[in-house]
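Please read the structure below before turning to the comments.
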Ligand code: HEC
């Protein structure tokens, strides 16, 4: 009992420590941090779209979880507009300069993804399979649409 209590309070202190550290880190986001963070958020999108795809194809059940993945996509995409601070196409980043050269075109690509993921989340809530499949195609199209123009072509 006592040992468990000590372990638990140790963990609490560790969490507090991590929190204090993160507050300090926020004040000094470097271009490298911005690039790493962007890739992390993009990776969450990849996870949610992969999981959603398995629901859409009927390979797994549990509509409430499709709703969660669709919502995860909408949440991640809602952050896109702040993921590309100027100067964050550091070495190793696949973000193309056109992002900063054509901000209106880039904003339109973001808006497309925001609208598509919002619609997909609504369709997932409704449970209407046809609406879900159509909205899912549009989500995929919005990812590809942006990548085709604004990301270094992948092999
Ligand atoms: C408005 C533009 C835009 C949209 C929309 C977009 N992406 Fe991206 N994505 C990018 C750019 C630019 C990069 C390259 C980022 C870098 O390397 O710094 C990227 C990178 C990625 C990566 C690679 C991350 C890594 O670790 O290198 C994945 C995976 C990804 N996107 C998935 C998605 C998915 C899935 C969607 C749709 C739900 C999506 N993206 C929507 C612009 C976009």
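Below, the figures for the structure above:
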quantity	calculated
Test for residue 123: is it under 17 Å from residue 142 (Cβ atoms), more than 11 Å from the ligand (Cβ to nearest atom) and at pLDDT 95 or above	yes
Answer residue from region 61-84, given it is loosely packed, with under 13 Cβ neighbours inside 10 Å and under 19 Å from the mean Cα position of the chain (by Cα) and is farthest from the ligand (Cβ to nearest atom) among those	82
Residue in region 28-49 that is modelled with pLDDT of 95 or more, closer than 30 Å to residue 96 by Cβ and in contact with a strand residue (DSSP E or B) (Cβ under 9 Å, 6 or more places away or on another chain) present	yes
Filter result for residue 58 (more than 14 Å from the ligand (Cβ to nearest atom) and more than 15 Å from residue 142 (Cβ to Cβ))	yes
Number of positions in region 67-94 that are touching a helix residue (DSSP H, G or I) at 6+ places or on another chain (Cβ under 6 Å) and in a helix (DSSP H, G or I)	11
Residues of region 65-84 classified as in contact (Cβ under 8 Å) with a residue 12 or more places away in the chain and more than 30 Å from residue 133 (Cβ to Cβ), total	1
Pairs, first near the ligand (Cβ under 10 Å from one of its atoms) in region 133-155, second assigned to a loop (DSSP other than H, G, I, E, B) and at pLDDT 95 or above, C-beta under 8 Å, six or more apart	149/96; 150/96; 151/94; 151/96; 152/94; 152/96; 154/94
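Yes or no, residue by residue, for (1) within 12 Å of the ligand (Cβ to nearest atom); (2) closer than 18 Å to residue 49 by Cβ; (3) in contact (Cβ under 8 Å) with a residue 60 or more places away in the chain:
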| residue | (1), (2), (3) |
| --- | --- |
| 86 | no, no, no |
| 96 | yes, no, no |
| 99 | yes, no, no |
| 105 | yes, no, no |
| 131 | no, yes, no |
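The values are calculated or read from the model by the stated rules, or taken from the named source; none is laboratory data. What you see is a predicted model, and the numbers here were worked out from it, not measured in a lab. Note that we place each Cβ from the backbone using ideal geometry, even for glycine, and neighbour counts take in every protein chain shown.
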